[in-house]
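J.: Take a look at the following structure, please.
The values are calculated or read from the model by the stated rules, or taken from the named source; none is laboratory data. This one's a predicted model, so the numbers in the text were calculated from it and none came from an experiment. We place every Cβ from the backbone using ideal geometry, glycine too, and count neighbours over all the protein chains shown. For accessibility, only protein heavy atoms count, side chains too; no ligands or nucleic acids. Shrake-Rupley method; radii C 1.70, N 1.55, O 1.52, S 1.80 Å.
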Amino acid sequence: MTVYVLRRLTAGLVLAVLVTMITFLLLSTSFDDVASSVLGNGATPGQIAAQKAQMGLDRPLAVQYGDWLTHAVRGELGASYFTSEPVRSAITARLGVTLSIVVVALLATSVISVALGVAAAARGGAVDRFAQGAAMTGYLVPSLLVAIALVYVFAVKLHVFPATGYTDFSESPARWASSIAIPVVALMMGGVASLTSQIRGAMIGELRKDYVRTLRTRGIPTRSIVLRHALRNAAGPALTVLSLEFIQMLGGALIIEQIFALPGFGQYAFNASLQGDVPIIMGISLFGVLLVVAVNLVVDLLNGWLNPKARIVS
């Protein structure tokens, strides 16, 4: 298992280098625009060239990327071209806001999807039709539309939750929960739809297998068969879907944070992309890849714990 974890971590680091290298190459096509943006309107070509030289953007691309990578290994990600704010501290501060939304949405998605999927597969009938209807609604209704509708009903009309803004958990847990309630619901709609469908299908397949019939003939209670045996076997593919949902939620947070004015990772990335702030974009790319690698590693370890065959294959 240790060798497997080290191999996955090495692959993750290689992936991080490749992603940041490609990101840097794509950004290099707009270095003139970056220097022009820093100087403001009316900058002459000579001033732009001098600014590029001052920022080190006129050096060979391999030298620039190698310099950034060397500093990144030491934990130094530079500072914003426009605000001079250190990138690492800015990202870590905003990442907490984004993860507080994404992690809560992911946990809620897991609980609701498992409950709906298992109940639909085990009971059938009206429960199954309700689960399929809820999943279909989640597929068809865009999260953006759900967010607007929730803001109108619960913030504008009922004044239950704030329409925008974020309160840190350390300041007031109740206000923190209130500030992320609508963003979390909007973010988890699609995830509940896909994960419920996945668990329902996997559970139906497991409950039709021979070992389930054998357990029933031995008098094992249905509750134990469903929760201890069938659900455990069906959890592997569901965990894979859940890891994909995490990545999708991180991307969705970019839009959700813009709508609800949340000072998170997505809003920071969006503004940096508009400005062409190279150090911030590179730092965000690195943090994003490392997050995805970490989540996939945790999912693989959980799969190995649930299914010994996965450990053998790995």
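J.: Being surrounded by 13 or more Cβ atoms within 10 Å (Cβ to Cβ) and touching a strand residue (DSSP E or B) at 6+ places or on another chain (Cβ under 6 Å), is that true of even one residue in the stretch 69-83?
T.: Yes, the conditions are met somewhere in the stretch 69-83.
J.: Considering the stretch 234-274 alone, what residues qualify as being among the aromatic types (Phe, Trp, Tyr) and not in a helix (DSSP H, G or I)?
T.: To start, the set of residues in the stretch 234-274 that are among the aromatic types (Phe, Trp, Tyr) comprises 246, 260, 265, 268, 270.
Residue satisfying the conditions is Phe260 alone.
J.: Testing Leu26 on (1) open to solvent by 50 Å² or more (accessible area, probe 1.4 Å); (2) free of Cβ contacts under 8 Å to residues at least 40 places away in the same chain; (3) more than 12 Å from Val278 (Cα to Cα); (4) not acidic (Asp, Glu), one condition comes back false. Which one is that?
T.: Only one criterion is unmet by Leu26, namely (3).
J.: Leu244 is checked against (1) touching a Ser or Thr at 6+ places or on another chain (Cβ under 9 Å); (2) open to solvent by less than 50 Å² (accessible area, probe 1.4 Å) and fails just one. What number does that condition carry?
T.: (2)
J.: Take the residues in the stretch 4-17 that are within 13 Å of Leu297 (Cα to Cα) and open to solvent by 60 Å² or more (accessible area, probe 1.4 Å), then tell me which one is modelled with the lowest pLDDT.
T.: Arg8
J.: Condition first: out of contact with any Pro (no Cβ under 9 Å at 6 or more places or on another chain), closer than 24 Å to Leu231 by Cβ, open to solvent by 60 Å² or more (accessible area, probe 1.4 Å) and part of a helix (DSSP H, G or I). Can you find one or more residues in the stretch 139-153 that meet it?
T.: yes
J.: Related question: In the stretch 139-156, what residues are within 18 Å of Glu257 (Cα to Cα) and not aliphatic (A, V, I, L, M)?
T.: Within the stretch 139-156, Pro142, Ser143, Tyr152, Phe154 qualify.
J.: Restricting the first residue to the stretch 64-84 and requiring it to be touching a residue at least 60 places away in the same chain (Cβ under 8 Å), which pairs with a second residue that is assigned to a loop (DSSP other than H, G, I, E, B) meet a Cβ separation below 9 Å and a spacing of at least six or different chains?
T.: Short answer, once both residue conditions are applied: Trp68/Leu77; Trp68/Gly78; Ala72/Gly78; Ala79/Glu85; Ser80/Asp277; Tyr81/Gly276; Tyr81/Asp277; Phe82/Asp277.
J.: Output yes when any residue across the stretch 189-198 is under 20 Å from Ala163 (Cα atoms), touching a residue at least 40 places away in the same chain (Cβ under 8 Å) and crowded, with 18+ Cβ neighbours inside 10 Å, and no when none is.
T.: Yes, that holds for at least one residue.
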